[in-house]
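Okay, structure first, notes after.
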Amino acid sequence: MAAFALTVATPNLCPNRRLASRLFSCSCSSRSISPPSNEMKPSSNPKFGPNKCLFSAGVGLLAASVLALSPLNADARRVQYFATVGEPSCELNFARSGLGYCDVLVGSGPEAPYGELINIHYTARFDDGIIFDSSYKRARPLTMRIGVAKVIKGLDQGILGGEGVPPMNVGGKRKLQIPPNLAYGPEPAGCFSGDCNIPANATLVYDINFVGIYSGNAK
């Protein structure tokens, strides 16, 4: 596919020798312009023929692509770096279910509505601090339905509240320590081709940022 794309794209790059020389160092000649007598004429040497032109243009196109992508890669590294920075620590309270929770910042907006879609940012870690997922790496919050078993039990209880856990309000930030019975239990999760992202009986730690209530909820 890549070779085909280069072959199709490069003929339009070579007729203008001045532009091609700047971008791709392509040794092409233009039939509509007669070179001055003191200018080197195109050589009949095969290494300067059309194949050389296409090859040089292809290399130039590849180099240009790498340069164009470099800023995006830098941004991606930045997003990933900030995603690994946890919220300030706080003293956990524990519900009867075993869920640990504490508020880093109490929100001033409305509570999470039962059964509705909400937007959250989160960073998910194992209890040893290793990150296994984060919405910040995707540069957009997660939209999820709360309270109706669409997510693990620990997130439903930790955000919606219940059994002694107060509900979160929009704008709030909360740390949750979710035991295996409120997470994925005795089975591994996030498995693909035999490799599992989350081992069995894992305790999970979530930093939740309640961004807002999804605007597309039915009125």
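The values are calculated or read from the model by the stated rules, or taken from the named source; none is laboratory data. These figures come from a predicted structure and were not determined experimentally. A quick note on method: Cβ atoms are made from the backbone with ideal geometry, for glycine too, and the neighbour counts reach across all protein chains shown. Ligands, DNA and RNA are stripped out before the accessible areas are found, and what is left, the full protein with its side chains, is counted by its heavy atoms. Shrake-Rupley method; radii C 1.70, N 1.55, O 1.52, S 1.80 Å.
Taking the criterion of being aliphatic (A, V, I, L, M), under 12 Å from I159 (Cα atoms), open to solvent by less than 60 Å² (accessible area, probe 1.4 Å) and modelled with pLDDT under 95, would at least one residue in region 126-144 satisfy it? No, the conditions are met nowhere in region 126-144. Does G185 qualify as being in a loop (DSSP other than H, G, I, E, B), open to solvent by less than 60 Å² (accessible area, probe 1.4 Å) and either of a type in the set (V, I, T) or touching a residue at least 60 places away in the same chain (Cβ under 8 Å) (or both)? So G185 fails the test. Looking at region 151-198, which of its residues are on the phi < 0 side of the Ramachandran plot, small (G, A, S) and modelled with pLDDT under 95? Correct list: A189 only. Filtered by the rule that a residue be in contact with a strand residue (DSSP E or B) (Cβ under 8 Å, 6 or more places away or on another chain), in contact (Cβ under 8 Å) with a residue 60 or more places away in the chain and assigned to a loop (DSSP other than H, G, I, E, B), region 130-163 gives a lone residue, P141. Evaluate the following for N201: is it without any contact (Cβ under 8 Å) to a residue 60 or more places away in the chain, of a type in the set (S, T, N, Q), assigned to a loop (DSSP other than H, G, I, E, B) and surrounded by fewer than 21 Cβ atoms within 10 Å (Cβ to Cβ)? For N201, the condition - without any contact (Cβ under 8 Å) to a residue 60 or more places away in the chain, of a type in the set (S, T, N, Q), assigned to a loop (DSSP other than H, G, I, E, B) and surrounded by fewer than 21 Cβ atoms within 10 Å (Cβ to Cβ) - is met.
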